[in-house]
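The block underneath contains the structure these notes are about, expressed in structure tokens.
The values are calculated or read from the model by the stated rules, or taken from the named source; none is laboratory data. Please read these numbers as outputs of a predicted model, since none were measured by experiment. Quick reminder, even Gly has a Cβ in these numbers, built from the backbone with ideal geometry, and neighbours come from all protein chains shown.
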């Protein structure tokens with residue numbers, strides 16, 4: 001069977017791994033096209049109220065524990081080169097805020113740094129989801145062809161009763177933590193000004209800073225042009241970007257499938273665990289009617305219960321390591337497609353100007369100058385993207401490898417635990433057998 | 001073709017030559033002794049006189065199953081499965097076995113054999129047959145009687161049934177059983193000629209009908225209780241087990257999808273490709289491994305099912321005892337009432353109601369001659385009744401003694417077999433865990449090389 005793929009099993013429908021879906025993940029509302037900001041009740045018109053109400057002002061500008069960032073370097077473990085890391089961010093303490101208009105959650109962001117450009121070495125601020133959305137938008141604006149880390153979805157439509165149940169908040173918190181740390185680890189994004197403001201500004205400072213960017217209408221205008229020109233960019237895409245695009249498309253397909261499969265495994269394991277909960281006690285029930293068999297039955301019940309606990313642990317491991325990683329890369333795959341689009345757009349701008357030059361006879365000097373600028377722009381964008389692509393691929397490989405290695409380790413550990421339980425039961429039974437046998441001989 | 005799950009063909013030790021009647025039989029009427037032997041062994045013409053059949057070690061196996069078509073009683077075509085029963089005698093000296101008999105039987109003939117045994121050995125816990133239709137099925141298993149896996153498990157079950165009969169100290173000597181193994185044609189007619197259907201107590205079938213017994217035997221009441229509990233708890237266990245199997249199947253099979261997707265993904269990866277591909281292969285192996293695991297578990301479930309059905313056999317013995325007790329009490333009651341009637345007639349007092357008494361009152365006294373005649377008839381009936389009661393009592397006591405002996409034998413067998421089954425379950429789980437460790441260790445290695 002080495003290297004051969006089995007045909008899709010007849011029971012494919014059980015796995016939910018039937019026809020591969022299109023790029024978007026099935027479980028969330030379709031992600032907004034990156035050029036358009038999602039107009040939601042949360043958005044801008046409510047900021048007026050939130051600015052006035054000091055209810056939301058959870059910002060404290062107090063430096064925290066006196067530990068110096070330098071000493072922290074030795075304490076904390078992370079993925080990138082530990083010696084070079086000088087920006088530490090944590091996201092924790094979700095808090096619910098209720099106003100007459102809305103309810104929302106803020107998260108505490110703690111930043112510790114030794115960088116000179118920061119005014120202090122420690123910061124603590126509170127941010128809500130829409131602040132993160134704003135940050136992401138700004139990063140995409142400033143670096144259209146860099147691979148910006150993905151944000152967790154706005155909310156999951158399927159299977160959610162309300163936005164703010166504990167599991168959802170915790171999952172989101174972890175994802176937001178990852179988001180900020182990924183930015184901090186990115187060689188370019190880490191020095192972004194908006195990022196710094198996000199980490200350090202008080203609530204009112206942030207609000208006023210936000211208003212400085214290009215207005216909503218101008219952003220919408222960009223969108224219309226973007227959609228129109230993106231098609232053109234695709235036609236003239238250089239080969240290396242064609243390859244990249246093919247990769248992105250296939251990767252997106254596969255990672256989505258893996259996400260579905262992994263979620264399904266979690267569900268099946270949970271269902272299995274539920275059934276096991278009843279299985280053990282049946283043996284206890286039986287033992288109540290028996291005399292000779294009591295110990296064996298009770299022993300089996302105990303083994304089943306222990307295996308049940310091991311299953312629970314395995315499930316937990318799955319939800320802690322594999323599922324979030326796979327899901328992040330589902331979001332990344334969408335991000336990548338957006339990045340490719342933006343690159344294509346920039347190319348399209350150039351191409352349209354070049355086309356215009358061939359038809360127009362007047363203003364050729366102006367056009368040529370514009371074309372020169374755009375050619376630079378395209379070259380920059382392409383180089384940035386290529387470099388970031390390589391970096392991203394390394395990161396992806398490392399994360400996937402690590403997540404699946406952990407999965408395998410969890411399973412090995414699970415089976416080892418169960419094995420130990422059953423083996424000790426067996427030993428106790430056979431020992432008794434021998435005891436009874438020797439008694440008979442006496 | 002596998003043997004019974006116990007791993008080996010059970011060998012029958014030579015049966016004791018002396019009849020299994022009790023040496024300490026009460027010195028009652030000769031009829032009593034006859035009844036005693038009949039109960040213990042079965043009627044004289046039922047047991048085997050050809051003891052040399054059992055002197056040699058016998059191996060019985062149900063070695064094959066075959067689909068057949070034939071015509072049923074209503075001359076309609078039907079498909080059924082026939083099973084090949086082979087009997088071998090093993091020579092003591094060299095241990096070689098020679099095929100002595102081989103014939104084909106279908107499930108309905110096994111049923112006939114068992115029904116016959118139930119009638120003629122009411123004090124014996126008669127081994128049950130494997131289920132007629134597949135029950136406690138989890139989703140993958142087919143409930144179809146023609147499904148090859150079901151047929152295979154049934155073959156093993158039927159073999160087990162015959163081996164149980166052969167190792168039962170009383171049942172093994174039954175002639176009809178012997179003929180079942182040796183006489184293909186005409187066997188059905190021979191069984192029917194025993195008239196067992198007529199002898200069968202139809203009340204035994206009506207399991208839900210209650211017969212109020214004034215002095216129930218506490219041991220049998222407890223036993224009936226136990227058999228109800230056993231049946232209920234094993235059913236419950238089998239149901240939950242089937243659901244657990246279903247879920248476990250799901251967990252394993254979903255992992256198989258990783259295999260397919262990893263393989264497709266590996267096509268676009270350079271450094272990761274090999275690791276992904278080989279890890280995917282291990283995911284396939286993992287997903288496939290559940291089939292064998294659950295098949296083994298099915299054999300375990302069959303072992304439990306046997307005792308589920310044994311619970312019914314236990315209850316049948318209790319039931320038989322209950323009916324005997326009931327008949328005894330009815331007979332005693334009848335006798336007592338006749339005696340009272342007789343007494344009244346003799347003394348002239350009328351306490352009991354009788355039609356004759358009423359009419360006498362209404363239409364005038366009967367003559368002394370008439371009264372004498374009636375007394376005489378009653379006295380005859382009373383004498384007969386007393387005889388019957390005596391023999392019923394004896395029958396009852398013998399039944400209890402023999403039944404209880406078989407129940408003790410059964411209990412030991414049950415404890416031994418179920419303990420072994422539970423141990424074998426643990427062994428299965430251990431094997432499953434070891435396979436899991438191996439597959440995931442291999443997968444881990446592949447992942448870490450990515």
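Using the structure shown, decide if residue B:314 is over 30 Å from residue A:408 (Cβ atoms), surrounded by 22 or more Cβ atoms within 10 Å (Cβ to Cβ) and away from every other protein chain (no Cβ under 11 Å). Yes.
Determine which member of the set B:264, B:271, B:295, B:306 is facing chain A (nearest Cβ under 8 Å) and in contact (Cβ under 8 Å) with a residue 60 or more places away in the chain. Spell out the reasoning first.
Numbers: B:264 fails: in contact (Cβ under 8 Å) with a residue 60 or more places away in the chain; B:295 fails: facing chain A (nearest Cβ under 8 Å); B:306 fails: facing chain A (nearest Cβ under 8 Å).
After ruling out the rest, the residue left standing is B:271.
In region A:404-415, the residues that are facing another protein chain (nearest Cβ under 7 Å) and on the phi > 0 side of the Ramachandran plot form no Cβ pair under 8 Å with any partner that is surrounded by fewer than 22 Cβ atoms within 10 Å (Cβ to Cβ) and assigned to a helix (DSSP H, G or I), whether six or more places apart or across chains.
Got at least one residue in region A:384-402 being at pLDDT 90 or above, away from chain B (no Cβ under 14 Å), crowded, with 16+ Cβ neighbours inside 10 Å and in contact with a helix residue (DSSP H, G or I) (Cβ under 7 Å, 6 or more places away or on another chain)? The answer is yes, given that some residue of region A:384-402 is at pLDDT 90 or above, away from chain B (no Cβ under 14 Å), crowded, with 16+ Cβ neighbours inside 10 Å and in contact with a helix residue (DSSP H, G or I) (Cβ under 7 Å, 6 or more places away or on another chain). Applying the criterion of being more than 7 Å from chain A (Cβ to nearest Cβ) and surrounded by fewer than 16 Cβ atoms within 10 Å (Cβ to Cβ) to the residues of region B:432-450, the residue that is nearest to residue A:276 (Cα to Cα) is B:445. Suppose the filter is more than 10 Å from chain B (Cβ to nearest Cβ), surrounded by fewer than 18 Cβ atoms within 10 Å (Cβ to Cβ), out of contact with any strand residue (DSSP E or B) (no Cβ under 7 Å at 6 or more places or on another chain) and at positive phi; does residue A:363 pass it? In short, yes. Of all residues in region B:70-94, those that are in contact with a strand residue (DSSP E or B) (Cβ under 9 Å, 6 or more places away or on another chain), over 20 Å from residue B:181 (Cα atoms) and at pLDDT below 80 total 4. When residue B:211 is tested against (1) assigned to a helix (DSSP H, G or I); (2) at pLDDT below 90, exactly one condition is not met: (1). Being surrounded by fewer than 20 Cβ atoms within 10 Å (Cβ to Cβ) and in contact with a helix residue (DSSP H, G or I) (Cβ under 8 Å, 6 or more places away or on another chain) is the filter here, so list the residues in region A:177-187 that pass it. Within region A:177-187, A:178, A:187 qualify.
Anything in region B:422-445 that is within 29 Å of the chain's Cα centre (by Cα) and without any contact (Cβ under 8 Å) to a residue 12 or more places away in the chain? List them, or say none. Step through it out loud before you land on a result.
Within region B:422-445, the subset within 29 Å of the chain's Cα centre (by Cα) is B:422-429.
Those that are within 29 Å of the chain's Cα centre (by Cα) and without any contact (Cβ under 8 Å) to a residue 12 or more places away in the chain: B:422, B:423, B:426, B:427, B:429.
Note on region A:299-323: among residues that are over 17 Å from residue A:413 (Cα atoms) and within 11 Å of chain B (Cβ to nearest Cβ), the one that is surrounded by the fewest Cβ atoms within 10 Å (Cβ to Cβ) is A:301. Residues in region B:281-292 that are more than 8 Å from chain A (Cβ to nearest Cβ) and over 42 Å from the mean Cα position of the chain (by Cα): B:282, B:283. Among the numbered conditions (1) at the interface with chain B (Cβ under 8 Å from one of its Cβ atoms); (2) surrounded by 22 or more Cβ atoms within 10 Å (Cβ to Cβ), the only one that residue A:326 does not meet is (1).
If the condition is being farther than 20 Å from residue A:287 by Cα and free of Cβ contacts under 8 Å to residues at least 24 places away in the same chain, then region B:398-421 contributes only B:405.
So that you can scan it fast, the table gives a plain yes or no per residue for (1) within 14 Å of chain A (Cβ to nearest Cβ); (2) at pLDDT 95 or above; (3) over 18 Å from the mean Cα position of the chain (by Cα):
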{"site": "B:158", "(1), (2), (3)": "no, no, no"}
{"site": "B:162", "(1), (2), (3)": "no, no, no"}
{"site": "B:170", "(1), (2), (3)": "no, no, no"}
{"site": "B:182", "(1), (2), (3)": "no, no, yes"}
{"site": "B:185", "(1), (2), (3)": "no, no, yes"}
{"site": "B:195", "(1), (2), (3)": "no, no, yes"}
{"site": "B:199", "(1), (2), (3)": "no, no, yes"}
{"site": "B:204", "(1), (2), (3)": "no, no, no"}
{"site": "B:224", "(1), (2), (3)": "yes, no, no"}
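Of all the numbered requirements in (1) part of a helix (DSSP H, G or I); (2) touching a residue at least 40 places away in the same chain (Cβ under 8 Å), residue B:225 misses one, and that requirement is (2).
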